[in-house]
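The values are calculated or read from the model by the stated rules, or taken from the named source; none is laboratory data. Because the structure is a prediction, the values reported are computed rather than measured. Every residue, glycine among them, receives a Cβ derived from its backbone with ideal geometry; neighbour counts consider all protein chains shown.
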Amino acid sequence: MPRPISATISLSALTHNLAAVRRGLEAACTRDGRKRPNIWAVIKADAYGHGVRNAVPAFAQADGLAMLDFDEAVLCRDLGWAKPLLLLEGLFEPADVAVLDRYRLASTVHCREQIDILAASKVSRPLDVFVKLNSGMNRLGFAPGQYRDAFGRLQALHERGIVNIVGKMSHFARADDDPEATSRQLALFLEANRGLPGALSLCNSAATLTPTLWPALPADQDQWVRPGICLYGGSPFGGRSAQELGLLPAQTLAAKLISVADLPAGASVGYGYTFTAPAGMRIGVAACGYADGYPRHAGTGTPVTVDGVRTRLLGRVSMDMLMVDLTPVPQARVGSRVVLWGEGGPSVDEVARAAGTIGYELLCAIAPRVPKFAV
Ligand SMILES: *Cc1c(COP(=O)(O)O)cnc(C)c1O
């Protein structure tokens, strides 16, 4: 028998979340008479741990898919995806140009070196590119002072039939928690792009789910939003749950109890004895540990459900097991279902908070040894 742990990927939740995002955009855009932006569903990191093979059919209604790995982009084409695909970090080396060309992949262009590679390339038809501005996050993108020059070089490559400038992009650093910082980035982006051709692409999940941002965006230009986490049922906001946002969890990590025991008062649990029973109590051992992708930093009190009843983790997480408090679930037995996060359990964001991280990290860190089932 396989070890009793698995991740269930709900295709209907993925589809639901995309539809919810689309409806929200439609509502916000109809309100101020603008066209709904196109949606790149971001499927990087194996679709945030949900599997590209699951995400591609579930996101059939997206206008395009975005990722960073060439292998994932090629897999999308092999799976029959005919709409646009965007590589968010663009090309890494000269050999990538042939892959972009062969599979009709759009590339971000964020640095001079990428333009140098393109300038020295031969292509069968112009490659679609999105030019990226560093509007303040200081991760990828041309500095504002170099942006127009880079754009001009790409326009020259357009004349030579090497590229087709489809869009202009940037990325927000604080769309989840600081509207003023976001406005400053947006103003800088619009100023740098004044008069330049191409669609705009700015919004990650947090910005996509912030309708108050839309009035500041030009209504007469095409846009592409780039939501990721919200499509998987995670919240991009610290203070608003995915449930409040109308999103459904798409990844459920569940295991079973492989042992139960009664502890006397004063008995301690797990490595380091970080939890000691204040009185007699029952505990269970679940077949899930940090080698499965469960965060080791989650300590005593992290929420978990056993047989549908909410309880808490006890002591330190081991490599292959963790211990749970069975006080509120006296009927629990070996074989009882334990939901670590997802449907019928705590949200991935709650578990992440208890471990000092974000839901993104947990979703995409699910270990290869955990079998994934799509339903
Ligand atoms: C990952 C990523 C996104 C999606 O971000 P979420 O916060 O998951 O919505 C959008 N754009 C770029 C460039 C990214 O790398």
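Observations, loosely collected:
- Residue that is assigned to a helix (DSSP H, G or I) and within 21 Å of Gly238 (Cα to Cα), where the choices are Ala207, Ala156: Ala207
- Whenever a residue of the stretch 101-128 is over 14 Å from Ile165 (Cβ atoms) and touching a residue at least 60 places away in the same chain (Cβ under 8 Å), it has no partner that is within 16 Å of the ligand (Cβ to nearest atom) and not in a helix (DSSP H, G or I) lying with C-beta atoms less than 8 angstrom away and at least six residues away or across chains.
- Members of the stretch 173-204 found to be within 15 Å of the ligand (Cβ to nearest atom) and either charged (D, E, K, R) or outside any helix (DSSP H, G or I) (or both), listed by number: Ala173, Arg174, Ala175, Asp176, Asp177, Asp178, Ala199, Leu200, Ser201, Leu202, Cys203, Asn204
- Residue within the stretch 246-256 that is at pLDDT 95 or above, within 16 Å of the ligand (Cβ to nearest atom), out of contact with any Ser or Thr (no Cβ under 7 Å at 6 or more places or on another chain) and assigned to a strand (DSSP E or B) present: yes
- Scanning the stretch 118-153 for residues that are surrounded by fewer than 18 Cβ atoms within 10 Å (Cβ to Cβ), in a helix (DSSP H, G or I) and aliphatic (A, V, I, L, M) yields a single hit, Ala119.
- Extreme residue, nearest to the chain's Cα centre (by Cα), among residues of the stretch 216-271 that are among the hydroxyl-bearing types (Ser, Thr, Tyr) and within 23 Å of Pro179 (Cα to Cα): Ser235
- Boolean, His158 is of a type outside the set (Gly, Ala, Ser) and surrounded by fewer than 16 Cβ atoms within 10 Å (Cβ to Cβ): yes
- If you go through the stretch 257-276 and pick out every residue that is outside any strand (DSSP E or B) and either without any contact (Cβ under 8 Å) to a residue 24 or more places away in the chain or under 20 Å from Gly49 (Cβ atoms) (or both), you end up with 4.
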